[in-house]
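These notes are about the structure you will find just below.
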Amino acid sequence: MVQRGLYQPGARPQNPAALHFRPGKVHTLGGAVFSKRGVMVVKIEPFGVEQWMGRWETLAVNNIAETCVDSLVLYDLLEMSGRKEDIIVDLLGTRMTYGDIRGSERLRGLIAGLYEGGDPERVLVMNGGSAANFLALFTLVEPGDRVISVWPTYQQLTSIPEAFGAEVKILPLRPENGWLPDPDELRGMARGGVDLVCLNNPNNPTGSLMDRGLLEEIALIAREKGAWVLCDEAYRGLNHEEGAPATSITEVYERGISTGSFSKVFSLAGLRSGWMTGPAEFIEEAFSRRDYTTVSCGPLVDALSVVALENRGGIMERNLGIIRESLAVLEEWIDAHPRFHWVKPRAGTTAFPGYDYDMPSDEFCVDLLGGTGTFLLPGSCFGIDKRLRVGYAYGTEVLRRGLASLSEWLESRFPN
Ligand SMILES: Cc1ncc(COP(=O)(O)O)c(C=O)c1O
C-alpha cells in the first residue's frame, strides 16, 4: 500500500488527450508517491502523444500525424548500400550473442563522427532515442532536483524527471517567439538554482530550430549554475534550409548530453536504434545503470545501424528531398486556408499550426478521422488546444490526399 502524498489520482484526466501540463506553471513533486517507509514510488503521467497514436493510428487511411520521414523498406536500405548480398550473408552468419555491450567500435565511431569533437568512447548505443532519453534522465535526476524543460516537446523530458521526484519547471516555447526558448526567461527561472535543463532541437512538435548562438546562450546560463543540459536531438540534420548547420549541444557545452535516433533522420524506426553521447563521467555512470535496462542492443541492430550510417549521404539526400517537397505542399495548403495560422517550421518533420474554428482539437481530430480516415494529432496532447500537429514527411502523396480530405471535411463541417 502506498500513502498518498501530493499525488492525486482524481486530478488526472482519463482522456489521454486532455493534458495536465500548463505552460508557465510550476510542476512540483506532484508526480511522486511515498510508501509507508517514506520511499518514493515512481508514478508517471500517461504519455499523451503516444497514447493518442496507439489508440487511433491503426484506423488511419491518410496518416499525416507520423513523425518519421517515410520509413525505409529494409530491402531498399541494403540496395542503397550496393552490398546487399554481402550484408545478407553476414547477417545470416551472425552468431546471436549479446554482441558488443556498448555498441561495436565501428558503430560508435560512425556515431561519434556526427559530432564536432565526437569520441567513440563517449557514445552508448541504445534501443532508440526514447531509451536513450530514459537512461539519461535515470542517470541524472534525483528526488528534489530542479529541472527546467522546454514545452511543448517530447513528454519524456518532463514526465520522467517528475516521476523521479524532481521539481520540473516549464520554459514555454511561444509562437510569437518562433517557438524558441527565451534565454532571459530561462535566466530568470534558473535564478534560484537548476540542476538540469532539457531541450529538444529540432523541436517536435513545432519544427523550430535552435542555432549555435542560442545554444551558446543557454550553455552560458547552465554553466553559471553548474547544470547539465540534455538535448533530445532525434531530428538533428533535418534542416529545411540548404547548408544550414545542425549544431549539437555537445559542441557548445562541456556538460551537454545529446540523444539521437535512427527512427526519424534515417527512416528506420523499426530498427529500434539510437544513442547518447556526453561527457565521460556521465557516460560511465549511464553505462553502469544501462546494465539494468538494456545490457546490449544486439548484433543485428548494430550491423544495420552501421549500414545506415555508412550510407548516410544517400539517405539524407532522399529524406531532405521528401521533407522539402512535402513542406512546400503543406505551405501551399496553409496559405489557401486563412483560418489556419502557423510558424513555418525550419527543421524536423512536424508543424504545429493553429486554427480558429470553434472546436476543441481532440474532437476535431476524432471527427475528422471518423469522417475521412485522415489522421492528425491534437494540440491537446501537449495541453495546447486549437492546434494540430501535422507530420508532413511520411510521403508527399499521403500528405496531398490527407490535406485534400481535410479541406473537404472543413467545408462540410463548417459551411460558413
Ligand atoms: C523528440 C523525440 N525524441 C525521441 C523520440 C523517440 O524516438 P525513437 O523511435 O528513437 O525511440 C521521438 C519519437 O517520436 C521524438 O519525437
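The values are calculated or read from the model by the stated rules, or taken from the named source; none is laboratory data. All values derive from a computational prediction rather than experimental measurement. All Cβ positions, glycine included, derive from the backbone under ideal geometry; neighbour counts span all protein chains shown.
List of remarks:
- The residue of the range 142-169 that is nearest to Ile218 (Cα to Cα), among those that are within 16 Å of the ligand (Cβ to nearest atom) and among the aliphatic types (A, V, I, L, M), is Val150.
- Residue in the range 225-236 that is assigned by the TED database to the domain that holds Gly117 and out of contact with any strand residue (DSSP E or B) (no Cβ under 8 Å at 6 or more places or on another chain) present: yes
- Among helices (runs of 4 or more DSSP H) entirely within the range 115-222, having at least 2 residues that are on the phi < 0 side of the Ramachandran plot and acidic (Asp, Glu) singles out 183-189.
- Considered as a group, the residues in the range 84-103 that are of a type in the set (Lys, Arg) and in contact (Cβ under 8 Å) with a residue 40 or more places away in the chain include one that is nearest to Ser267 (Cα to Cα), and that residue is Arg102.
- Positions within the range 330-363 being surrounded by fewer than 16 Cβ atoms within 10 Å (Cβ to Cβ) and part of a helix (DSSP H, G or I), in sequence order: Glu331, Glu332, Asp335, Glu363
- Residues in the range 195-237 that are among the polar types (S, T, N, Q) and over 10 Å from the mean Cα position of the chain (by Cα): 2 in all.
- Of all residues in the range 127-141, exactly one satisfies the criterion of being away from the ligand (no atom under 11 Å from the Cβ) and polar (S, T, N, Q), namely Thr139.
- In the range 99-114, the residues that are within 15 Å of the ligand (Cβ to nearest atom) and in a loop (DSSP other than H, G, I, E, B): Gly103, Leu114
- Verdict on Val265 being assigned to a strand (DSSP E or B), assigned by the TED database to the domain that holds Val125 and either within 16 Å of the ligand (Cβ to nearest atom) or closer than 29 Å to Pro143 by Cβ (or both): no
- Thr259 modelled with pLDDT under 95 and within 15 Å of the ligand (Cβ to nearest atom): no
- Residue in the range 181-192 that is within 16 Å of the ligand (Cβ to nearest atom) and either crowded, with 18+ Cβ neighbours inside 10 Å or in the same structural domain as Gly383 (by the TED database) (or both) present: yes
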